[in-house]
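Engineer: What follows is a structure written as structure tokens; I'll ask about it next.
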Amino acid sequence: MTDKLPPQLLALFAPRPPLRWVPHIDQAPEARKTARVTGLAQYLPALNAYKDNDGYVPTESWLQMRDRKKLEKKAAAEKLLTEGPLHYKPQEDPNIRGDAFKTLVVARLSYEANEQDLEREFGRFGPIERIRIITDVKAHEKPNKKKKPHRGYAFVVFEREKDMRGKTTIDFFQQLSTCPSPEMWPSSLPISPLSLPFHCSKV
């Protein structure tokens, strides 16, 4: 088949000339010698001695940390259930004063509100014996948590129970609790709703 091709095409199928032989630049393969390869068993005693004296302490993985925190949280909850009632002595708490039937709980306080604001708003219903805004006494133990002036709720203790349970007071808070937003509060309230620094639930 190829004998019918013209000479210029037959030249394309001609083999290349053989490579020129040159001597090896280093050593002949049969005369070459490499380093002797041995096992690592002879180094094991030295590795064990280094391992015993290096003082390496393995770090805790995130899985181990997750399991450890879960166990610590469970142990703290069990400890609170068993030891908490033993240390709960409200009669010895100096901050608990006043009659519970004269005490009004004010929740969802604005963080800008203070005792003067509460006294101004609730003093119109009757004389107030004591106002206590709850603060976080363990805030110094939570360095990563944002500091807040108080916990957002307070206790208002009236001098007379009838002032706390009076019709004006009850009507005031019932109207507040039935309105979803300050804009919908009725204009018949004894004070301006938009000036309140807090939200009150039904008494």
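Engineer: How large is ³J(HN,Hα), in whole Hz, for each residue of region 38-45 in order, when computed from phi with the Karplus curve 6.51 cos²θ - 1.76 cosθ + 1.60 and θ = phi - 60°, using x for Gly and Pro?
Structural biologist: Once θ is set to phi - 60°, the couplings for region 38-45 become 10, x, 9, 4, 6, 9, 4, x Hz.
Engineer: Which FRET efficiency value, to the nearest 0.05, do you get for Thr59 and Lys147 by plugging their Cβ-Cβ distance into 1/(1 + (r/R0)^6) with R0 = 45 Å?
Structural biologist: Given R0 = 45 Å and the Cβ-Cβ separation, E is 0.90.
Engineer: Sequence-distant or interchain residues sharing an amide H contact under 5 Å with Leu104, placed H: which?
Structural biologist: Under 5 Å from the amide H of Leu104 lie the amide H atoms of Val156, Val157, Phe158, each far enough along the sequence or on another chain.
Engineer: Compare the peptides 60-69, 103-112 by average per-residue count of other Cβ atoms within 10 angstrom and give them in order, highest first.
Structural biologist: Descending mean neighbour count gives 103-112, 60-69.
Engineer: Working out 0.36 nm times the residue gap between Ala139 and Arg20, then minus their Cα-Cα distance, what length gain in nm do you get to one decimal?
Structural biologist: That works out to 34.1 nm of additional length.
Engineer: Shifting gears a bit: Report the number of Lys pairs in region 88-164 whose alpha-carbons are under 14 Å apart, with separation of 8 or more residues or on distinct chains.
Structural biologist: For region 88-164, the number of qualifying lysine pairs is 4.
Engineer: To continue, here is another question. Ranked highest first by average number of other Cβ atoms within 10 Å, how do 89-100, 32-43 line up?
Structural biologist: In descending order of packing, they fall as 89-100, 32-43.
Engineer: Let me ask you something else. Return the sequence-ordered ³J(HN,Hα) values of region 21-29 in whole Hz as given by the Karplus equation 6.51 cos²θ - 1.76 cosθ + 1.60 applied to θ = phi - 60°, using x for Gly and Pro.
Structural biologist: 7, 10, x, 5, 7, 10, 9, 5, x
Engineer: Over the Cα atoms, compute the radius of gyration (one decimal) and Dmax (the largest Cα-Cα distance, rounded to a whole number) for region 30-92, in Å.
Structural biologist: Using the Cα atoms of region 30-92, the pair Rg, Dmax is 28.2, 100 Å.
No lab work stands behind these numbers, since they all come straight from the coordinates. The shown structure was predicted, so the numbers you read here are calculated from the model rather than taken from an experiment. For neighbour counting, all protein chains shown are included, and Cβ atoms are generated from backbone atoms with ideal geometry for every residue, glycine included.
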